[in-house]
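These notes are about the structure you will find just below.
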Amino acid sequence: MEVFTFHGILGLIRILLSPIIFYLILIGENLTAGVLFLLAALTDFVDGFLVRAHKHNLEFSYFWDGFADRVLIFPTLLALIINGVSLFSLYLIIFYVIFEVLIGVMMTIKKKRFYLFHKHRLSARINVIIVLLVIGIYIIISDYEVLLALILSPFLLFMGLDYFIHYAKRNV
């Protein structure tokens, strides 16, 4: 079973760390939550490297990696909202979630398959790395949200444009 390969276990670690990070944010243990989040983000990087290096079941890997990323990211963002992020941060979180949904819907319609089963484009890989780093840093030091938003926004826009242009083509 693919979940029990090394790269599958790394995805499982992200999934299992998610509720712990969620809880730590809610009780105000942001340093511990942020460090755990960044460690979980590191498993995403290692996971991607292993899949490409060892040519594991790519369809499962695309799904599992994307699923594990979202299980890590979305509850963490929800915990930040519950914990009382600023209105500005709330808008950024809502923008990010809507953006993810729109890209997923567009990819699913275009390919006639659920979007997590698609090969990830380079822009998506870069975007996830940046998003994971920015969220981890934000958890630890929430005073710099505007700076972090300025770092995050161009990557989100680039990924969105890249996917839109790529999937708007007829023969993709």
Residues whose built amide H sits under 5 Å from the amide H of residue 85, excluding neighbours closer than 5 in sequence, are none
The exposure ranking of 159, 106, fewest beta-carbon neighbours within 10 Å first, is 106, 159
Once phi for every residue in segment 125-137 is put through the Karplus expression 6.51 cos²θ - 1.76 cosθ + 1.60 (θ = phi - 60°), the whole-Hz ³J(HN,Hα) values, with Gly and Pro written as x, are 5, 4, 4, 5, 4, 5, 4, 4, 5, 5, 5, x, 5
For the residues 74, 88, what sequence is obtained by ranking on other C-beta atoms within 10 Å, fewest first? 88, 74
Once phi for every residue in segment 9-25 is put through the Karplus expression 6.51 cos²θ - 1.76 cosθ + 1.60 (θ = phi - 60°), the whole-Hz ³J(HN,Hα) values, with Gly and Pro written as x, are 5, 4, x, 5, 4, 4, 5, 6, 6, 3, x, 5, 4, 3, 5, 4, 5
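Quick check on the exposure proxy: order 109, 135 from fewest to most C-beta atoms within 10 angstrom.
Values: 109 11, 135 24.
So the ranking, lowest neighbour count to highest, is 109, 135.
Bear in mind these aren't lab numbers, they're just calculated from the coordinates by the rules spelled out. Since this is a predicted model, take the numbers as computed values, not measurements. With ideal geometry, Cβ positions are generated from the backbone for all residues, glycine too; neighbour counts draw on all protein chains shown.
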